[in-house]
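Presented below is the structure to which this report refers.
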Amino acid sequence: MKDKKDLPNLIPVFPLSNFIVFPNTTVPLNIFEPRYLKMTEDAMSSNRLIGMIQPKKSGDLKKPDLFDVGCVCRIVSFNETEDGRYIIIIKGLNRFKIIKEINNDKIYREASVDYEFYTNDTNSENEKFDFSKIEKILQELKNLFEKQGFQINWKDLEGQNVYQTLSALSMASPFSILEKQILLETKNLEERKLKFEEILDTYNSDFSNIKTLQ
C-alpha cells in the first residue's frame, strides 16, 4: 500500500450509491458514463488514483451531497470493451475525510481530502483479532442472506483473515447506504464488529416481528 505521505490531497471522487471499498480489498467496476470514462482516462494518465464515496439522498440530482468518508483506490487493472466501456479493477488504499469539494472546469468532481483520521489503514490487515469473535456474525449473515435471497460464495471467505472477511461482508451485505457508511467509518475491527452486530440485531428483530404478525 502507498504510504499516506505519497497520497495526494486533491483527488477525483466517484460517487456510487450502496458501494463501499475498504483498504486492501479489490473490486471490479464497469465504467460507462462519459464523466467517469474521462475520470478513468485522466487517472490512468497520472497516478491511477480515484476516490470512491457514497452520495447522500440530498442535494441536486446530478450533483448529490456526499458523505464525509470514502476510500482512495488505485486502478490495478484496465480493459476497454468494444462498445467503449472500461472494465477496471480497483484496490482500496486508505480511507479519507473530505475537507471540501473543489470547483473545477472538469466534467467530474474533485475534493480536497485528509487521511489522518485513518492513520492505521496502512497496517489494517495486521490488526490482531481472533476469528472466533465473528462466528456469530457469519452465521447470522448467512441466515439474513437466505431470507433476502442474496447469493454469496462462502467458500471464498475461507482462509481469509478477519479483516478481509469483515471487509468483504461489509461491502457485499444487503444493508442500506447509511448502514454501509457506518461500517466504512469504523476506526478498527473491534468497532466494526460491534456495529455489524448492532445492524444485524435490527434486521433479526424486524424479521421476528414480521413472523409474529403473520
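Read the figures in this text as sums done on the coordinates, not as results from a lab. If you're wondering where the values come from, they're calculated on a predicted model, not measured in any experiment. Glycine gets a Cβ as well: all are built from the backbone with ideal geometry, and neighbour counts include every protein chain shown.
Calculate the FRET efficiency for GLU146 and SER17 from the Cβ-Cβ distance with a Förster distance of 22 Å, rounded to the nearest 0.05.
0.35
Structure shown: which of LYS38/LYS63; LYS57/LYS97; LYS100/LYS180; LYS63/LYS142; LYS56/LYS195 lie over 28 Å apart, alpha-carbon to alpha-carbon?
Beyond 28 Å between Cα atoms: LYS63/LYS142.
Evaluated at 4 °C with a viscosity of 1.567 mPa s, what Stokes-Einstein diffusion coefficient in µm²/s does the range 11-81 have when Rh comes from the Kirkwood expression over alpha-carbon pairs?
Here the translational diffusion coefficient equals 100 µm²/s.
Calculate the spin-label point distance for ASN204 paired with LYS133, positioning each point 7 Å from the Cα along the beta-carbon direction, and give it in nanometres.
1.8 nm
Counting other beta carbons within 10 Å of each Cβ, put LYS100, LYS187 in order, fewest first.
Least to most surrounded, the residues fall as LYS100, LYS187.
Please grab the % of Cα pairs in the chain that end up more than 31 Å from each other.
Across the chain, Cα pairs with separations above 31 Å total 24 percent.
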